[in-house]
Amino acid sequence: MRAQRHAVFGARAAPPAAGGRGGALLALAAGPARAGQRRARSPAGAALVFGLVLWLWHAPQAYAWGLTSVAGYWLMQASLLRTAWWFWRAVLRSDQPWGGAVLALFATVAHMGLLGALIVFAGQLLYPVHVAGTLAWGAAPLADQQLGGLLMWVPAIVPFMAAALWRLAQGLRRAEAAA
């Protein structure tokens, strides 16, 4: 469930909001921090910020705090949504060079895949905060962790790959038309 929620925030809710659809969601995510938006307008900068926040919240201690504290939970959700919105806004902007957007998207696919693979193939339980919940559902905690990593590794990167291929095709069409 939590892996699905993060995938929905980062790969499903943020792109429409970044593209101009979802004004209420955008207003909640964007808040007053305009200076941060300016720093993350380039696809590379936005990808770096999004990647750092994603990896930070998947560190076992930060993740546990995010799920055992009300403030931590909302900080986790808000920072993931905000940085995902910045990322998608930067890579979908038509005034940005398409090559930088494609590289940022492929780099994001690579690091998300790596993080998912590390979670899948970890030989030990990284997120013991979920033990009670997974046992209540009759699932083994390590298997639950592996499923979450697999969801991040494969289905969660599909929108990023699709956007990369779309921006690549868009850029190639523009280059062909200009030639």
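What the table below lists for this structure:
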read-out	value
Matching residues in the range 38-61 - criterion: being part of a helix (DSSP H, G or I) and either open to solvent by less than 20 Å² (accessible area, probe 1.4 Å) or within 23 Å of Ala169 (Cα to Cα) (or both)	Pro43, Ala44, Gly45, Ala46, Ala47, Phe50, Gly51, Leu54, Trp57
Residues that are closer than 29 Å to Val131 by Cα and open to solvent by less than 80 Å² (accessible area, probe 1.4 Å), drawn from the range 155-167	Pro155, Ala156, Ile157
Qualifying residue in the range 80-92 (condition: among the hydroxyl-bearing types (Ser, Thr, Tyr) and modelled with pLDDT of 95 or more)	yes
Extreme residue, least open to solvent (accessible area, probe 1.4 Å), among residues of the range 86-129 that are assigned to a loop (DSSP other than H, G, I, E, B) and more than 25 Å from Ala59 (Cβ to Cβ)	Gln96
The one condition in (1) open to solvent by 10 Å² or more (accessible area, probe 1.4 Å); (2) assigned to a helix (DSSP H, G or I); (3) in contact (Cβ under 8 Å) with a residue 24 or more places away in the chain that Leu75 fails to fulfil	(3)
Test for Leu118: is it within 26 Å of Pro159 (Cα to Cα) and at pLDDT 95 or above	yes
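Yes/no matrix, rows are residues, columns are (1) modelled with pLDDT of 95 or more; (2) more than 20 Å from the chain's Cα centre (by Cα):
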| position | (1), (2) |
| --- | --- |
| Ala139 | no, yes |
| Leu151 | yes, no |
| Val154 | no, no |
| Phe160 | yes, no |
| Ala163 | yes, no |
| Gln170 | no, yes |
| Arg174 | no, yes |
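The values are calculated or read from the model by the stated rules, or taken from the named source; none is laboratory data. Bear in mind the structure is a predicted one, so any value in this text is a computation, not a measurement. Here the Cβ is made from the backbone with ideal geometry for all residues, glycine too, and neighbour counts use every protein chain on show. Note: areas computed on protein heavy atoms with side chains; ligands, DNA, RNA excluded. Shrake-Rupley method; radii C 1.70, N 1.55, O 1.52, S 1.80 Å.
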